[in-house]
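Taken together, the values in this text are just the output of simple stated rules run on the coordinates, not laboratory data. None of these values were measured; they are calculated from a predicted model. Cβ sites come from the backbone with ideal geometry, for glycine too, and all protein chains shown count toward neighbours.
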Number of protein chains: 2
Amino acid sequence: MFDLIAFDADDTLWHNESLYTATQQKLEQLLAPYLDGVDVAARLYATETRNIPYFGYGIKSFTLSMIETAIALTDGRVASADIQQIIAFAKAMIDTPTQLLEGVKEVVAQVAASHTLMLITKGDLLDQQRKLERSGLADYFAHIEIVAEKTEETYRALLAHYKVDAARFLMVGNSLKSDVLPVVAIGGQAVHVPYHTTWQHERVDPAVAQQSHYFEVAHISELPALVATLQNPKSKIGRPYELVTLV
Amino acid sequence: MFDLIAFDADDTLWHNESLYTATQQKLEQLLAPYLDGVDVAARLYATETRNIPYFGYGIKSFTLSMIETAIALTDGRVASADIQQIIAFAKAMIDTPTQLLEGVKEVVAQVAASHTLMLITKGDLLDQQRKLERSGLADYFAHIEIVAEKTEETYRALLAHYKVDAARFLMVGNSLKSDVLPVVAIGGQAVHVPYHTTWQHERVDPAVAQQSHYFEVAHISELPALVATLQNPKSKIGRPYELVTLV
């Protein structure tokens, strides 16, 4: 049934958002001596959002936004040693080992045995390549695509490039905004595997999500059964997923 | 004769290094009040080199290295307003229009009429996509590949992915280190089109370069004639290129 099954990477195959959250907490501690009851997280998010068109996603972009936020929130009083410390936070993020989510290795191996797999991730090229190399999963993916944004246009262009019919394409990921809704919009199928936390930028209005047909599993370990069921509906041996659909 | 002709982008199709050089001069002016006769360029280059394994290539990486250099060279005395200014330099670089090298548009259109073209560029994904979009050249390239490094392994993997025999592959670029030597090493052909300035990191020992067989043209406008000659050696109507080879 599927000519191509694609996986998102960050927070679908390996932990990512939790590393950003932990680093944000380090920034809050660093700036605490300068500030009094300021919402660092909100200001950082505003800076990140403003900077995405310039700097895109990934650790370097996040770091430049942390530096800008530190300067702005302290009215320029932040010591340059603390700015150097923020750059050290970035290098520590980069040095953090890739930590696979539970069950990922087995699921990817199992699905790869019967399907051509692609990795589609957005963000920084070097960040993502490094994580993939360290993950031990690279050999399971026939194609690796690192893209600047995951829009309908991105998916349309990828499917055209690989000559895959949207109806025979399945995307698996944790972000409704990036992995599910644009794929469904162009006629593909998608499986939502929620991660315990979602970056504010990736959140979507539940009402919007409910206007789409996609599958939702509680854990990635349920993916092989879902794929098997979709390929052979008669042999349905349970229903480990939920079909989210407009009532 | 060629199944695939690939072009480097920065300093082959459009100006790039000159923008970095101009920004480095802005950094030197910014730091001048703090310093006395310090070689900012040399210290910046040392920082960039140390940071490449962490941050890779591109404007964000360059910016983080400028910030680190400013802090280190001033022993932490640099004002945070000046660090904010360095981030403003980065945004100005990003906002700079893509300026094609002379003759590029015509040459790319001409070669694209008879060959499948690929763009292979290293650096930051977003930087490169933005420059390509603004260049007006995107439609001439069947394939766009933005890679973290241009090594023999990179080229070998790309040719395997696109099922192209190395002997039927021609790479065109300004960097001996990234565009010419690794391609020749894996059995491909390469054309060197020197740019008026080469980033120190991309320079190679002339003795090493001379152990390879590649073509060199003084200007990209000579490329179509070179390709035509290589395809049909008998109809050679001049020799607009130099074959660089070990004596």
Amide H contacts under 5 Å for A:L4, restricted to residues at least 5 apart in sequence or on another chain and with H modeled in the peptide plane, are A:L170
Near B:L100, within a Cβ-to-Cβ distance under 11 Å, what is the net charge of the other residues, with Lys and Arg +1 and Asp and Glu -1? +1
Quick one: label points 7 angstrom along Cα→Cβ at B:A79, distances to the other copies in nm, smallest first? 2.0
Give the long-range amide H neighbours of A:L119: residues separated by 5 or more places, or on another chain, with amide H under 5 Å away, using H modelled in the peptide plane at 1.01 Å from N. A:F7, A:H143, A:I144, A:E145
Please list the non-local residues whose amide H lies under 5 Å from the amide H of B:D11, H modeled 1.01 Å from N, same-chain partners needing a gap of 5 or more. B:N16, B:E17
Testing the spin-label approximation: label points 7 Å from Cα along Cα→Cβ at B:N232 and B:V38. State their distance in nm. 6.1 nm
Taking every residue in B:89-100, how many Cβ atoms of other protein chains lie within 10 Å of its Cβ, on average? 1
For a quick check, take a GNM of chain A with Cα springs below 10 Å and name the residue from A:P182, A:P206, A:P194 with the largest mean-square fluctuation. A:P206
Every other copy gets compared here: list the nm distances from the B:Y162 label point (7 Å along Cα to Cβ) to its counterparts, shortest first, one decimal. 1.8
May I ask you to derive the relative contact order of segment A:17-95, considering only C-alpha pairs under 8 Å and at least 6 residues apart, and to give it as an integer percent? 35 percent
Counting GluC sites (Glu not before Pro) as exposed when in a DSSP loop with at most 15 other beta carbons within 10 Å, what is the longest stretch of chain A free of them? A:1-101
Distances from B:T116 to the same position in the other copies: list them in nm, one decimal, shortest first, using label points 7 Å from Cα along Cα→Cβ. 1.4
Got a sec? Charge dipole of the protein assembly as shown, +1 on Cβ for Lys and Arg, -1 for Asp and Glu; which of B:H192, A:F169, A:G58 is way out at the positive end? A:F169
Other chains' Cβ within 10 Å of B:128-139 residues: what's the mean? 1
Return the loop-located trypsin sites (Lys or Arg not before Pro) in segment B:137-182 (DSSP other than H, G, I, E, B) with at most 13 other Cβ atoms within 10 Å of their own Cβ; answer none if there are none. B:K163
Kindly provide the helix-only [θ] at 222 nm of chain B, computed as the sum of -39,500 (n - 2.57) over DSSP H runs of four or more divided by all residues, to the nearest 500 deg cm²/dmol? -13500 deg cm²/dmol
